[in-house]
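Since the structure comes first, as structure tokens, the remarks are kept for the end.
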């Protein structure tokens, strides 16, 4: 059992792909703003008994990783990918997102906030003092309710939400190379940036499988890529830089790769990281008397131009204020909501036009109606 005490939340077989022939890799620690050169990849992204001392999940992951290692080797050779291969690519993306310490910390903080919100309302209603003992009980309840193994159990159930997404493999013939982080699989939504949900229209999931090869899992009804080839070749240097910037925004603590490819940080990039990493994990909606608490995925919010994520022209014309993170699968309640949205927003506009970012009532009405029509086409398209 002691041999498996140190459990990797980014697998060794994946880390090795970004190391040199001697198994060494450069590391950049974001908080310390320090670079450590030529260290062993085997010592990174691991924690003692992270998935449990019973080794159940550690052994299950080892079995999955053998399959993923074989799959990535086939991608290196540009082999034909079967439907099962495509499914395995999506499984890797889901499990890797769910298994990191960064994801666990995010969910831990989210649940702590949620429990505290409800507890404060309960204590206030009963006239009790919200003291240190209340906080201790909340922490104890959270510790009992969430664990890294629970995060992995959820990954299996999430597969159904991305079965409709397409997959492309992009090989970059560039001087720049990809880096990774301790949260290497990134989810973004160029159509509606805040809506990073597995079921949302416009979702893109991406991760490099080597310093020159990127896997893109994307909403093919929102983003149109030329041709039908599974493999694409690109010489877009700026795109590699942009994706490495996304790794910086996504990371929990560290970047891994070649020092020369680590992002050159500036105010814009640091602001994007702060918005993504320091924002609240729970959003409050509704009235004071009847609040609704909304939880979402760990976000990576950074504006960049990606050739595989150009929003479909018909959707691009829709003002941001009229867009929403609509599900990719038709839902009757959502159809009704979108059909009525123009009237509702125009009614609100008549009361508080200053809240609509300079848009006119007509622009809002036309944008909402266009969004409704385009989503009806989207849902009906196979």
Using the 10 angstrom Cβ neighbour count as an exposure proxy, how do 217, 348 rank, fewest first?
348, 217
Here the alpha-carbon Rg of the chain over 2.2 N^0.38 Å rounds to 1.06
If I model a spin label at residue 238 and residue 143 as a point 7 Å from the Cα along the Cα→Cβ vector, what separation in nanometres do I get?
5.1
Zone residues, the range 356-378, relative to residue 347, backbone N less than 16 Å from point 7 Å out along Cα-to-Cβ
365
Give me the number: length gained by fully extending residue 231 to residue 329, i.e. 0.36 nm times residue separation minus the C-alpha to C-alpha distance, one decimal in nm.
32.6 nm
Residue order, fewest to most surrounding Cβ atoms within 10 angstrom, among 24, 61, 55
24, 55, 61
Cα gyration tensor shape of the range 306-345, rounded if a/c is under 1.5, else prolate or oblate by comparing a/b with b/c:
oblate
Gain in span if fully extended, residue 362 to residue 13, counting 0.36 nm per residue against the direct Cα distance
120.1 nm
Mind grabbing the base-10 log of I(q)/I(0) for the range 312-382 at q = 0.24, 0.27 Å⁻¹? Debye formula, identical points on the C-alpha positions, no solvent, two decimal places.
-1.07, -1.27
If N is the residue count of the range 1-40, its Cα Rg over 2.2 N^0.38 Å rounds to 1.38
Contact order relative to length for the range 312-382, counting C-alpha pairs under 8 Å separated by 6 or more residues, stands in percent at 49
Bridge orientation stat for the chain from DSSP, antiparallel percent rounded to 5, came to 90
Contact order normalised by residue count of the range 199-264, Cα under 8 Å, 6+ apart, percent:
20
Between the modelled labels at residue 78 and residue 373 (7 Å from Cα along Cα→Cβ) the distance in nm is 4.3
When only Cα pairs under 8 Å and 6 or more residues apart are kept, what is the percent relative contact order across the chain?
17
When the expected Rg is taken as 2.2 N^0.38 Å, what fraction or multiple of it is the alpha-carbon Rg of the range 67-184?
1.56
Computed [θ] at 222 nm, deg cm²/dmol, the chain (DSSP H ≥ 4; -39,500 (n - 2.57); rounded to nearest 500)
-14000 deg cm²/dmol
Give me the extension gain from residue 260 to residue 20: residue separation times 0.36 nm, minus the current Cα-Cα distance, reported in nm with one decimal.
85.0 nm
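Bear in mind these aren't lab numbers, they're just calculated from the coordinates by the rules spelled out. All values reported here derive from a predicted model rather than from experimental measurement. Counting neighbours? That spans all protein chains shown, and the Cβs are built from the backbone with ideal geometry, glycine included.
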